[in-house]
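Okay, structure first, notes after.
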Amino acid sequence: MRGKENREKLIQLFLLTIALSAISILALISIFIFTEGLPIMFRHGFKKFLFSLDWYPSEGYFGLLPMIIGSLLVTAGAMVIGVPLGLAGAIYLTQFSSKKVRNLVKPMIELLAGIPSVVYGFIGVVILVPFVRENFGGPGFSVFTASIILGIMILPTILSISIDSLMALPPSYREGSIALGATQWQTVRMVLLPAARSGIIASLILGLGRAVGETMAVIMIAGNATALPRSILDPVRTLTSNIALEMGYVSGEHRQALFATGVILFIIIMILNTMANLTSKRMAS
Amino acid sequence: MEREIVIRVRDFSYYLGSQPILKKITLDVFRHEILSIIGPAGSGKSSFLRCLNRLNEIRAEARISGTIEINGHNIYSPEVSLTELRRKVGMVFALPVPLPRSIFENVAFGLRMAGIKDKKLIEERVIDSLKKVALWDEVKERLNSSALKLSGGQQQRLCIARVLAMRPEFILLDEPCSGLDPVSTMKIEESLMDLKKEYTIILVTNNTKQAARVSDRTAFFLSGELIEIDRTDRIFTAPQDKRTNDYISGRFG
Amino acid sequence: MRWPLTPRQEQAIVRLLLLFLTALSIFILAFIIFFILRHGLPVLSWEFLVRNPREMGKEGGIFSTIIGTIVLIILALTLATPLGVGTAIFLTEYTPEGRLTRIIRFGSECLAGIPSIIFGLFGFILFVTKLKFGWSILSGSLTLAFMILPTIIRTSEEAIKFVPQAYREVSFSLGGTKWQTVSRVVLPSALPGIATGVILSIGRSIGETAAVIFTAGSALRIPDSLFSSTRTMSVHFYILAREGISLSKAYGTAAVLLISILSVNIFTYYLMNRFLRKYS
């Protein structure tokens, strides 16, 4: 019998080891990105990385500001496109459409979340880029184009999680408000949206994270110029594309500079993750 | 009438967190009797049952005081093997819980976990157990079909057979008929009357009439305390405690 | 209509606007699929699937990239599934909710939020250069495994939580040990739910590009060892499109990508519904 209990202990220990894998991998990733990226940042000074406009890595200029701004711009643009569409869809499908329509459309949109980013990028290249070039001017590869495509990419995330948080509200909220003579829209605006707030915010942060981290689609459509864009029709380079574009061939300090880019990206993402985590915690409690 | 005591509970208390669920229970269980435990919801009767096979501990660490001895051994002493204890003290739950397996495999389940490999032995035990709960004739043609397809009453008898296959000494039943129709209930009660020739049975029930029908002795629990335990006929005709009287006459509960 | 609007009028307008935006979203997403299939399906043929690419993909088919994708995913799943399911078992069955479970869940959630390019960067520095695996199936599948681990953990955890507590009680009450209960009762019952997570991560892996291109490389040969570089379908598609090698082959590859991902996802959806219906 003792043998059996020892075996159980062993299994428990084994499972504990396995369970630590996720957190260990996270630690491993942070360690590697930081040990590769931080030294060069120390050597040249953080200020130079964060606030200089010049990215000529082969000559020792490592200004990441254009990429930081680039990431901010396309992400903001993506939110401008994706948030209204996603929220509108969530509100319509939960409040105004029949259950049948919702049960058909929601899984459909979630399925579409599986479309790979390269395909989105490709659609951008063959349809949107020429369209923007001909109708709005500029090279077509631009902040504007990238924002639209990214906005569409984060749409399913926002829509699906917002639907879930709206559906999770007790029906009494809605019934109570309607019983008081409010219209459905007033109910949505004044009762349901505030009540589902943290879930919706979590969906926005997740969408934000996806937009900041997106790489392949952005490379294909944003134009990747390292200069600061002067209008939304100018090309731009993001932090992610900066890494992906030059990773293939570089070495030495230049490669370390890409890891420094990774460090900044990593920090931004971790902040977003923690925020999403905290909001969904609040939602749970 | 002097009878052999097989379970001896002394001053037994059980806490969940700091909340006392059972308070200083003292009682004896005799060999081959059916002891009913009755009481309103929240009286601690199910918890008491789960202390006898230490099933309470699968969710949270048990805080207890006092002793429970089964066949003279304290079941809360550290060297007790939980698996052996639970094989000796079988349990049937309120709702029938057939596992998503075949009828045969449901009954054989405990044997397989005990590491028994002998196919003939397993088959014998399964057939024997099914016969004891009068289910054999109903299922012998379809032992390999899913147990989930049986009716509620059949499922519950299957669950009893599953316990019997382990050849336990004790059978704990936790409101076994609460989800069943009168006919199924009657069949289970008949099985119990049969089974007490070989097993010691403790039956928790919220159906006082059931307790009166099947049990030799009855214990009345209220808010974690044992109010009264006596021969069933006496509990139901001349209870000593007013609260017992109130409960069995339907004043509360 | 006079200003200010009555609540009824306001509602009517909002409703129309919401309907329009919802329809627009659906239209855009459906259009993407339609567009790819419209241009890609004519390129598809048996030859396209079973011939290797020639002249960098300008001619021939995509056979070696299909093989590359499959091999990479199978290896990644072989590593990530036991880790993910093991973690889920530990979290749900072996330890009470507390600081440890919070830390593990936090780690898994963070991992889920890390962009694939960071995984690519990490896989490149650790597997490709430090451990000297080179651009290889090994490096690629390890990186991919790390990436899909959180999905498998989360879906397995949910599936395990769906298994009725009564099953566990039955098993324990019959003298089952914890591991017997987990392995004979909990896991078999949770299996369809766990499969959902695994298949979901297959869908994600098929489309993954950034993490794979820097770890598995982009060699067009059929791989012959763990240390061969390989090119997945999505990487192939990316290269075809970005370097303008062949638009028609790009469409064809995109169609194969989309069809495989959508069928995997639809299958997942079907499986999940069946699982949920069974336990509720």
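Numbers at a glance
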read-out	value
Region C:46-279 - percent relative contact order, Cα under 8 Å, separation 6 or more	27
Kirkwood hydrodynamic radius of region C:32-128, from inverse mean 1/r over distinct Cα pairs, in Å	17.5
Convex hull of Cα atoms in region A:104-225, direction-averaged projection (nm²)	9.3
P(r) of the protein assembly as shown over all Cα-Cα pairs, binned every 20 Å from zero, in whole percent	14, 37, 29, 17, 3, 0
Summed residue charge, Cβ within 11 Å of B:Glu198's Cβ, Lys/Arg positive, Asp/Glu negative	+3
Amide H contacts under 5 Å for B:Gly44, placed H, 5+ residues apart	B:Gly224
Peptide-level mean, for A:33-45, of C-beta atoms on other protein chains within 10 Å	1
Residue-wise HN-Hα coupling along region A:180-188, computed from phi with Karplus coefficients 6.51, -1.76, 1.60 (Hz; x: Gly, Pro)	7, x, 6, 6, 4, 5, 4, 4, 4
Average accessible surface area per residue within chain B, 1.4 Å rolling probe, Å²	45
At 1.306 mPa s and 10 °C, Stokes diffusion of chain C via Kirkwood alpha-carbon radius, µm² per second	74
Average beta carbon contacts from partner chains per residue of C:96-108, 10 Å cutoff	3
Accessible surface of the protein assembly as shown [probe 1.4 Å, protein heavy atoms]: carbon and sulfur percent	61
Accessible area buried, both sides summed, chains B and A with 1.4 Å probe, Å²	300
Cα-only radius of gyration and Dmax that characterise region C:135-243, units Å	19.5, 65
Taking only Cα atoms of chain A, radius of gyration then Dmax in Å	23.0, 80
Contact order relative to length of region B:73-203, as percent, for alpha carbon pairs under 8 angstrom and 6 or more apart	37
Unit charges at the beta carbon, dipole of chain B: most positive-side option, B:Leu172, B:Ile248, B:Gly72	B:Leu172
Charge context of A:Val191, other residues only, Cβ under 13 angstrom, K/R +1, D/E -1	+2
Burial of 20 Å² or greater, region C:177-211 residues [accessible area, probe 1.4 Å, versus chain by itself]	C:Thr177, C:Trp179, C:Gln180, C:Arg184, C:Val185, C:Gly207, C:Thr209, C:Ala210
Loop-located trypsin sites (Lys or Arg not before Pro) in region C:80-145, at most 13 other Cβ atoms within 10 Å (DSSP)	C:Lys132
Check: region C:132-280 dipole with +1 on Lys, Arg Cβ and -1 on Asp, Glu Cβ, in debye	200
Residue of B:Leu222, B:Leu130, B:Leu143 that the Gaussian network model of chain B assigns the largest fluctuation, springs spanning Cα pairs under 10 Å	B:Leu143
Selected from B:Leu135, C:Ala12, A:Ala196, residue furthest toward positive end of dipole (the protein assembly as shown; charges at beta carbon)	C:Ala12
Virtual paramagnetic centre 7 Å along Cα→Cβ of C:Asp224, amide N under 20 Å, in region C:110-133	C:133
Chains A and C, summed buried accessible surface - 1.4 Å probe, Å², nearest 100	7000
Buried on assembly, region B:93-111 (at least 30 Å² less accessible surface than by itself, 1.4 Å probe)	B:Phe93, B:Val97, B:Leu99, B:Pro100, B:Arg101, B:Phe109
Isotropically averaged projected area of region B:5-248, using the convex hull of Cα atoms (one quarter of hull area), nm²	13.0
Of the trypsin sites (Lys or Arg not before Pro) in region A:189-285, those whose Cβ has at most 15 other Cβ within 10 Å and which sit in DSSP loop	A:Arg230
Heavy-atom surface of region C:46-279, accessible at 1.4 Å and reported per residue (Å²)	36
P(r) of region A:2-126 over all Cα-Cα pairs, binned every 10 Å from zero, in whole percent	9, 17, 20, 23, 18, 10, 2
Mean-position separation - Cα centroids, region C:211-235 and region A:246-260, in angstrom	21
Amide hydrogen neighbours beyond the local backbone of A:Leu228, cut-off 5 Å, H modeled	none
Dimensions in Å of region C:74-216 - Rg and Dmax from alpha carbons	17.0, 53
Chains B and C, summed buried accessible surface - 1.4 Å probe, Å², nearest 100	1800
Value of [θ]222 nm, deg cm²/dmol, for chain C, DSSP H segments ≥ 4, -39500 (n - 2.57) each, nearest 500	-23500 deg cm²/dmol
Phi to ³J(HN,Hα) by Karplus 6.51 cos²θ - 1.76 cosθ + 1.60 over region B:136-141, Hz, x for Gly, Pro	4, 5, 7, 10, 4, 7
DSSP bridge pairs, the protein assembly as shown: antiparallel proportion in percent, nearest 5	60
Trypsin sites (Lys or Arg not before Pro) restricted to region B:205-253 and DSSP loop, no more than 15 other C-beta within 10 Å	B:Arg251
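The values are calculated or read from the model by the stated rules, or taken from the named source; none is laboratory data. Keep in mind it's a predicted model, so treat the numbers as computed, not measured. So basically every Cβ, Gly included, is an ideal-geometry build from the backbone, and we count neighbours across all protein chains shown. Surface areas here come from the heavy atoms of the whole protein model, side chains and all, with no ligands, DNA or RNA. Shrake-Rupley method; radii C 1.70, N 1.55, O 1.52, S 1.80 Å.
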